């Protein structure tokens, strides 16, 4: 297997499980009516419930439950019709109640799976252990004062889904693919914005190493890694660190580690022995969460088409390659854009223009498809101009570049710059006559058998027509004239 | 169950309650007595019995996803021992 | 006429007949409250607020728009958060805490026209059965043993409320009952105390002790008053997930209805070894009264009665250990500085909690901790299931249950204090009711040989407070309890 890491004593297999905390998209918090908006002034989005004032009680936000169930359905998971909120007890400055309301023994979502699309076009199934709902904590700011920590509770109580994978991942690359796929699914479902940089998707990585097929090694947990790239780096580094420890005759210590993205290394977190005794017990302020199978069925039928199904459909209906289809469905917006362009047009051509030209241009601009200067209608118009021979492929690229910078419609640019392709036989013949008259020596060579010179003549004719001549026509007419 | 001093100290640390060293012995005695007393429950066979976690039988009412609260920073901070610029303030936490 | 000797029912009639003004009634109680200060029943007095509300009542009465509890001066246990009025749960750790919100139950009272006299003393965080563990000292029972002037406890934890009502220093009061904290002090002080079904009154805004057991209820001079108060306090509250979405019946209507044909359960396991003779005699008298009223006493079995206390003393501390974690010196109340965050927590909680609270938080922390959860907490939750099942089983054969409220009359301040377990035994008859979430009432039914009040308890089916009130009113009529405490300052 290609995923093995070579150490001094042979090859090692890396075993990875990921715990992802995904912030649920909702207007209000999981147990209170305070807002969830990002970036508000400190403590302005806090209710007495969030700040755990005496006598305050939680009431479950129905929509957050719906979001978690939808996520479960999107992960092809068991939905538990009855689940329980537990208290996870620990003291911390940004945990006002001294406990986090979470789900421990009976989560709302059970076993499911995610299918990874690997770069060789094959797929691999990764198990999901569970998804549960819990409250986020507030934010502690440690860098504002030399001896004090500042606490903002705006985030305290925002709904999170903890999505736990089985230890099925074997390489940092797979972990990256898993995260990208999970992100796509969450975005398709509209249950999480899944923006790791904004912190609404956070990842803890459980990593251990073993000799291939051997028994599981001791794992370390790397906390709070906040980008796909960092997750891959952190796993890679951590695996190599553990291999080194073992090969040096040591033993891996089970512990929590932090990833230092600046140095690309993980380091041990100082933790106290007792800090892990969370004393979970069912929250007596909340009754068990129960709902009907019918309600779940209703949500199921309302789910959007998810990436895997969409990809299969693109391959089947549009005859796209697995690679192109995978590229297009990775983001819901991209897939929608493509379908708008492809409607009534050659899908292969549409796919090429979207995945190669448009993605390339947007990439250079550092923009997402939502901010594309060209909307699907205009890109479609450009493709239509190619189809009806108004533009050659080469001209079309020029027009496209102009569309990206100016935002103008393809037809407008064509008219303004007179870029219309020349298909008038007379005009092209005149240009050919001119070129052939200028190059008698080369004409003679061609006629003596050096047919490679045809390309040279084509180039000269195109130049003479400022690139506007229809290349196929030029070819055809040239051959005829040279044959003389 | 007899709790020793070290266990009481560990539990007190877990509960973040400072117990003066001089009181640990007496406290261990009191807690041990209570724990021993509650162990009479071992006389009861609870095989197959579900734990009772809630008294109410109905489904909990769920709230709609509307913003109905917050925007009361002054009230949130009014009782706090120390605040600055809208933040609660605590001794520095070193991670 | 002595205004403080009236019940709510009579005061209501007097106000509507314009025999006296709400202002006069309020003034009489403010005076009585001041005279009762030696009892230490009130932690905070709010006379200005009471007078202001009384003026509003008088205005409404003038217009003939009286509200159900208009002008009724009420004492509030200091476990209910009251907006703008210091609320401390009798704990140092909440010193100076002024809630910016009003509990649902008290808001319901004010909306119905009642007025607040002040906040009453309790055991710290309601943990206790004698109102002696609070940060501001014990409350005295207004009763004295015959020929003995030693101060007695009023019971607890709602001892301040019970003492205030008994001393005629409040017309009625709110209490909370987690293991007997309304009924036992009612019994000790010779008043009526009603613990409604769990979920009948909202817990929103009441400082939590043990969330699955806590329930607010009225403490009053008679059964009718309890019905009137409960009517105003009860009701579904969407802010409390455990509040029951059930209609609130007309409780007052139940008072005075016949109990003919009812079957009243007499649990044989409540005959404890070593129970004082006078308690047994009282209980038998109660059985005779209900028989005379046409009901049938039937022997029932509540097999796990003797295990209820131990079950309670695992579950309640476990929940409390978690509920009290929020008192950490960050957002409200006491902060005792420390070098680090943890040191600040430990100092604040070390100095902020009293001995009994500390004891229970530590027990609760222990029984939930890794390795002990199954043996203690989970086991107790399973036994709780069995205890609730016992009651359900018993109710197949009866409509309500009659028992003594407490195994003794009030004891002296200082007694039973060195032994927590002896103190816990006070709640032996009341705790099972909380574990099963049922309604229960204590009605004064007689005097002990020392001349102290003793109560009988009626336990009902879930959400059947009406039957509880019906039976209680019959006991009240038969008992003709009219003794008044030695220190009824309001009558002086």
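Couple of notes before you dig in:
- Residue A:248 vs. criteria surrounded by fewer than 19 Cβ atoms within 10 Å (Cβ to Cβ) and within 30 Å of residue A:303 (Cα to Cα): no
- Test: residue in segment A:126-133 that is assigned to a strand (DSSP E or B), touching a helix residue (DSSP H, G or I) at 6+ places or on another chain (Cβ under 7 Å) and within 14 Å of chain B (Cβ to nearest Cβ): yes
- Condition met for residue B:24 (facing another protein chain (nearest Cβ under 7 Å) and either assigned to a helix (DSSP H, G or I) or more than 19 Å from residue C:314 (Cβ to Cβ) (or both)): no
- Some residue of segment B:28-42 being in a loop (DSSP other than H, G, I, E, B) and surrounded by fewer than 16 Cβ atoms within 10 Å (Cβ to Cβ): no
- Some residue of segment B:80-88 being at the interface with chain C (Cβ under 8 Å from one of its Cβ atoms), free of Cβ contacts under 8 Å to residues at least 60 places away in the same chain, in a strand (DSSP E or B) and over 24 Å from residue C:203 (Cβ atoms): yes
- Subset of segment A:13-47 (residues that are surrounded by fewer than 24 Cβ atoms within 10 Å (Cβ to Cβ) and either facing another protein chain (nearest Cβ under 8 Å) or free of Cβ contacts under 8 Å to residues at least 12 places away in the same chain (or both)): A:26, A:27, A:33, A:35, A:37, A:39, A:41, A:42, A:44
- Residue within segment A:105-112 that is surrounded by fewer than 24 Cβ atoms within 10 Å (Cβ to Cβ), in contact with a helix residue (DSSP H, G or I) (Cβ under 8 Å, 6 or more places away or on another chain), in a helix (DSSP H, G or I) and assigned by TED's automatic domain parsing to the domain that holds residue A:80 present: no
- Out of B:25, B:45, B:4, sole residue that is over 20 Å from the mean Cα position of the chain (by Cα), within 29 Å of residue C:304 (Cα to Cα) and loosely packed, with under 15 Cβ neighbours inside 10 Å: B:45
- Within segment C:94-112, if we keep just the residues that are in a loop (DSSP other than H, G, I, E, B) and within 14 Å of residue C:49 (Cβ to Cβ), the residue that is farthest from the other protein chains (Cβ to nearest Cβ) turns out to be C:102.
- Among all positions in segment B:13-20, there is at least one residue which is closer than 30 Å to residue C:385 by Cβ, assigned to a loop (DSSP other than H, G, I, E, B) and at the interface with another protein chain (Cβ under 7 Å from one of its Cβ atoms).
- Count of segment B:52-79 residues which are within 7 Å of chain C (Cβ to nearest Cβ), at pLDDT 95 or above and part of a loop (DSSP other than H, G, I, E, B): 2
- Given (1) in contact with a helix residue (DSSP H, G or I) (Cβ under 7 Å, 6 or more places away or on another chain); (2) away from chain B (no Cβ under 14 Å); (3) closer than 30 Å to residue B:74 by Cα, number of the condition residue C:91 does not satisfy: (2)
- Check on residue C:466, modelled with pLDDT of 95 or more, closer than 22 Å to residue B:54 by Cα, part of a helix (DSSP H, G or I) and touching a strand residue (DSSP E or B) at 6+ places or on another chain (Cβ under 9 Å): no
- Some residue of segment C:159-170 being out of contact with any helix residue (DSSP H, G or I) (no Cβ under 8 Å at 6 or more places or on another chain) and surrounded by 24 or more Cβ atoms within 10 Å (Cβ to Cβ): yes
- Filter result (surrounded by fewer than 24 Cβ atoms within 10 Å (Cβ to Cβ) and facing chain B (nearest Cβ under 8 Å)) within segment A:50-91: A:59, A:60, A:62, A:63, A:65, A:84, A:91
- All positions within segment C:325-348 that are surrounded by fewer than 24 Cβ atoms within 10 Å (Cβ to Cβ) and more than 7 Å from every other protein chain (Cβ to nearest Cβ): C:334, C:336, C:337, C:343
- Checked against the criterion of being buried (at least 24 other Cβ atoms within 10 Å of the Cβ) and closer than 21 Å to residue C:242 by Cβ, segment C:466-485 has at least one qualifying residue.
- Positions within segment A:441-475 being surrounded by fewer than 13 Cβ atoms within 10 Å (Cβ to Cβ) and closer than 21 Å to residue A:390 by Cα, in sequence order: A:459, A:463, A:466, A:472
- Count of segment C:343-369 residues which are farther than 24 Å from residue C:98 by Cα and in contact with a strand residue (DSSP E or B) (Cβ under 9 Å, 6 or more places away or on another chain): 3
The values are calculated or read from the model by the stated rules, or taken from the named source; none is laboratory data. Predicted model only: the values in this text are computed from it and were never measured. Ideal geometry is used to build each Cβ from the backbone, glycine not excepted, and the neighbour counts take in all protein chains shown.
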